[in-house]
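The values are calculated or read from the model by the stated rules, or taken from the named source; none is laboratory data. Owing to the predicted nature of the structure, the values given are computational and were not obtained by experimental measurement. With ideal geometry, Cβ positions are generated from the backbone for all residues, glycine too; neighbour counts draw on all protein chains shown. Protein only, heavy atoms only, side chains kept; ligands, DNA and RNA dropped before computing areas. Shrake-Rupley method; radii C 1.70, N 1.55, O 1.52, S 1.80 Å.
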Amino acid sequence: MEIIYAKNKDEGSTKAYEIIREALDNGAEVFGLATGSTPESVYEKLVASDVDFSDAVSVNLDEYIGLAGTDEQSYRYFMEQHLFNEKPFKASYVPNGLNDEAEEIERYEQILAENPVDLQLLGIGQNGHIAFNEPGTSFDSVTHKVELTDSTIQANKRNFEKEEDVPRYAYSMGLSSIMKAKKILLLAFGEEKAQAVKDLVTAEEPTGEIPSTILVNHPDVTVIVDEAAAQLIQ
Ligand code: GLP
């Protein structure tokens with residue numbers, strides 16, 4: 001696991017932007033993308049650049065169940081606003097939060113099988129979740145329906161008018177789906193991520209209570225942290 005220390009979120013996002021561009025220049029065709037506040041400025045930098053994703057495919061990690069892609073709180077909408085509208089891909093896949101569970105799982109696993117991810121961008125939850133794989137998620141998990149933990153609902157409610165509006169369920173790529181990516185780029189910015197960063201980078205082996213630690217077994221992981229997120233490991 002390579003750790004890149006950045007001064008702040010902006011510097012960290014620039015490094016992430018450079019790694020994504022380099023991957024594209026080196027022939028990466030499928031980009032696994034993430035939502036949340038963490039990758040926002042990476043997307044801003046991509047939008048401001050002359051990068052061209054029109055021959056590439058994107059596959060997103062997760063989506064709230066019950067929200068249509070046109071809903072402003074959906075992850076599909078987030079991706080359109082932050083990236084896809086300005087930098088379209090040949091195809092962009094996001095789980096469909098309105099689809100029936102069994103159908104959606106089958107559909108998304110098929111998409112992942114046909115589009116093996118070259119570079120997967122990840123954020124991290126304060127409890128160590130990646131995508132919506134909450135503590136206790138099986139390391140063998142593929143795309144599945146998730147009940148969000150209270151800590152995730154609390155963390156995500158800032159994006160909603162009121163807490164009751166935060167969906168309780170989501171579809172998420174599983175931990176084993178994420179591990180199939182050739183390269184993983186995890187970003188963590190801000191002091192609220194410091195414990196999660198410490199738990200990840202000091203883990204010697206994966207532990208089910210901290211889903212991110214599955215990455216210890218991945219051969220190509222880069223973690224970019226800013227000073228605030230790195231405060232417990234330096
Ligand atoms: C959400 C998303 C994750 C994201 C995490 C952190 O629950 N499902 O993909 O990494 O929260 O979000 P943020 O980047 O806003 O801190």
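Which is farthest toward the positive dipole end of the stretch 144-234 among Met173, Asn159, Ala196, measuring Cα position about the Cα centre, with Cβ charges +1 (Lys, Arg) and -1 (Asp, Glu)?
Met173
Can you give the charge dipole size of the chain about its Cα centre, rounded to the nearest 20 debye, using +1 on the beta carbon of Lys and Arg and -1 on the beta carbon of Asp and Glu? Write down the numbers at each step before the final one.
Values: 19 positive and 43 negative charges, 71 e Å.
Result for the chain is approximately 340 debye, rounded to the nearest 20.
Heavy-atom accessible area per residue, the stretch 10-162, 1.4 Å probe: how many Å²? It would help to have the intermediate numbers written out before the result.
Numbers: 6900 Å² over 153 residues.
I get 45 Å² per residue for the stretch 10-162.
Out of residues 5 or more away from Tyr169 or on other chains, whose amide H comes under 5 Å of its own, with H placed 1.01 Å from N in the peptide plane?
Those lying under 5 Å, H to H, from Tyr169 are Ile65, Leu148.
Once you compute Rg and the Kirkwood Rh from C-alpha atoms, what is the Rg to Rh ratio for the stretch 32-90? Mind dumping the intermediate values first?
Working: Rg = 11.3 Å, Rh = 11.9 Å.
Rg divided by Rh gives 0.95.
Taking all protein chains in place and a 1.4 Å probe, what share, in percent, of the accessible surface of the chain do carbon and sulfur account for? Let's see the in-between values first.
On the way: 4600 of 10560 Å².
After summing per-atom areas, the C and S share lands at 44 percent.
Which residue, Gly66, Ala91, Thr38, has the largest displacement toward the positive end of the dipole of the chain when charges sit on each Cβ (Lys, Arg +1; Asp, Glu -1)?
Comparing the listed Cα positions along the dipole, Thr38 ranks first.
Against the empirical 2.2 N^0.38 Å scaling, what ratio does the C-alpha Rg of the stretch 108-234 come to? Walk me through the numbers on the way to the answer.
Values: Rg = 14.5 Å, N = 127, 2.2 N^0.38 = 13.9 Å.
Output field value: 1.05.
For Arg168 and Asn8, calculate 0.36 nm times their separation in residues minus their Cα-Cα distance, and state this gained length in nm to one decimal. Write down the numbers at each step before the final one.
On the way: separation 160, 0.36 × 160 = 57.60 nm, distance 3.20 nm.
Going from the current span to full extension adds 54.4 nm.
Sorting check: for 26-35, 85-94, 180-189, 45-54, which peptide has the highest mean count of neighbouring beta carbons within 10 Å, and how do the rest follow? Walk me through the intermediate numbers first.
Details: 26-35: 19.9, 85-94: 16.5, 180-189: 22.7, 45-54: 13.7.
Answer by packing, highest mean first, reads 180-189, 26-35, 85-94, 45-54.
In debye, nearest 20, what is the charge dipole magnitude of the stretch 1-98 about its Cα centre with +1 on Lys and Arg Cβ and -1 on Asp and Glu Cβ, if you could check?
Working: 8 positive and 18 negative charges, 25 e Å.
Around 120 debye, computed over the stretch 1-98.
So if I place +1 on the C-beta of Lys and Arg and -1 on the C-beta of Asp and Glu, and nothing else carries charge, what would the dipole magnitude of the stretch 112-206 be about its Cα centre? I want it in debye, nearest 20. Walk me through the intermediate numbers first.
Working: 10 positive and 15 negative charges, 53 e Å.
Magnitude of the dipole: close to 260 debye.
Taking a temperature of 10 °C and a viscosity of 1.306 mPa s, what whole-number D in µm²/s does Stokes-Einstein yield for the stretch 1-137 with Rh from Kirkwood over alpha carbon pairs? Please report the intermediate quantities before stating the final value.
Working: Rh = 15.7 Å.
Result for D is 101 µm²/s.
Starting from the Cα of Asp25, move 7 Å in the Cα-to-Cβ direction to define the label point; list residues of the stretch 40-54 whose amide nitrogen is under 20 Å from there.
Within reach of a label on Asp25, which here means backbone N under 20 Å from a point 7 Å along Cα→Cβ, the stretch 40-54 contributes 42-54.
Principal axes first, then extents: for the Cα atoms of the chain, list largest minus smallest coordinate on each axis, whole Å, largest first.
Answer, in whole Å and largest first: 45, 40, 35 Å.
Take peptides 5-18, 151-164 and line them up by average Cβ neighbours within 10 Å, highest first, as a rough protection proxy. Spell out each step's value before the answer.
On the way: 5-18: 17.5, 151-164: 13.4.
So the peptides 5-18, 151-164, ranked by packing, come out 5-18, 151-164.
Quick check on my link table: of Lys15/Lys182; Lys15/Lys87; Lys45/Lys145; Lys9/Lys180, which ones sit more than 24 Å apart, alpha carbon to alpha carbon? Spell out each step's value before the answer.
Numbers: Lys15/Lys182 19 Å; Lys15/Lys87 19 Å; Lys45/Lys145 32 Å; Lys9/Lys180 27 Å.
Going by Cα-Cα distance, Lys45/Lys145; Lys9/Lys180 fall outside the 24 Å limit.
For Lys183, list long-range residues whose amide hydrogen, built 1.01 Å from N in the peptide plane, is under 5 Å from its own amide hydrogen.
Here the answer is Leu119, Gln120, since their amide H atoms fall under 5 Å of that of Lys183.
Can you give the calculated 222 nm mean residue ellipticity of the chain, where each DSSP H run of n ≥ 4 adds -39,500 (n - 2.57) and the sum is split over every residue, rounded to the nearest 500 deg cm²/dmol? Intermediate values should be presented prior to the final figure.
Working: 7 runs with 65 residues, N = 234.
Taken over the chain, the calculation gives -8000 deg cm²/dmol.
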